[in-house]
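Worksheet for the structure shown next.
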Amino acid sequence: MLKLQISESVKTAMRAKASERLTTLRFLQAAIKQKEVDERIELDDLQVVAIIEKQIKQRRESIAAYDKAGRVETANQERAEIVVLQEFLPQAASDEEITQVIEQAIAEVKGQGVEGPAAIGKVMAILKAKLVGRAEMAVLSQRVKNLFN
């Protein structure tokens, strides 16, 4: 279970006195706990992966802002945090696998007779279910939109 793996990594970082890694992991644990408390549920691995992806996305946005402002040191700290977070994501899907899943999803949606913007939404729903944590949804969305145009 992913939450257990994160918890073990926190303990390991504490023992190794790896303060930057520990801080990142504690922020992640806090985000997971907050979601569980807010929704009164126990998160499964897919939901934890979604939180990790959100954390990575936030850091990427921060990096862009820090780079623009010339705050190189802070941007590098955010990059280091992304590396720590990515350890808990499933192995990234290959380009060939992504292409194959996109083609299958488009064929499935067209087989249902759905066209236009609604088709893009249905294709993205299928892709999200199959590639969560293994591919960036923004990149997938752009690829799908390009295929429909």
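The values are calculated or read from the model by the stated rules, or taken from the named source; none is laboratory data. The structure displayed is predicted, hence computed values, not measured ones. Glycine also receives a Cβ, built like all others from the backbone with ideal geometry; neighbour counts cover every protein chain displayed.
At-a-glance table
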item	result
Sole residue being free of Cβ contacts under 8 Å to residues at least 24 places away in the same chain and not aromatic (Phe, Trp, Tyr), chosen from Glu115, Glu81	Glu115
Given (1) aliphatic (A, V, I, L, M); (2) under 23 Å from Met137 (Cβ atoms); (3) surrounded by 14 or more Cβ atoms within 10 Å (Cβ to Cβ); (4) at pLDDT 95 or above, number of the condition Leu2 does not satisfy	(4)
Pick from the stretch 8-30, criterion farther than 15 Å from Glu78 by Cβ and β-branched (Val, Ile, Thr), ranking: surrounded by the most Cβ atoms within 10 Å (Cβ to Cβ)	Val10
Selected residue (criterion: farthest from Val48 (Cα to Cα)) from residues of the stretch 81-94 that are in contact with a Ser or Thr (Cβ under 8 Å, 6 or more places away or on another chain) and assigned to a helix (DSSP H, G or I)	Glu81
Search result, residues across the stretch 69-124 that are at pLDDT 95 or above and of a type in the set (D, E, K, R)	Arg71, Glu73, Glu78, Arg79, Glu81
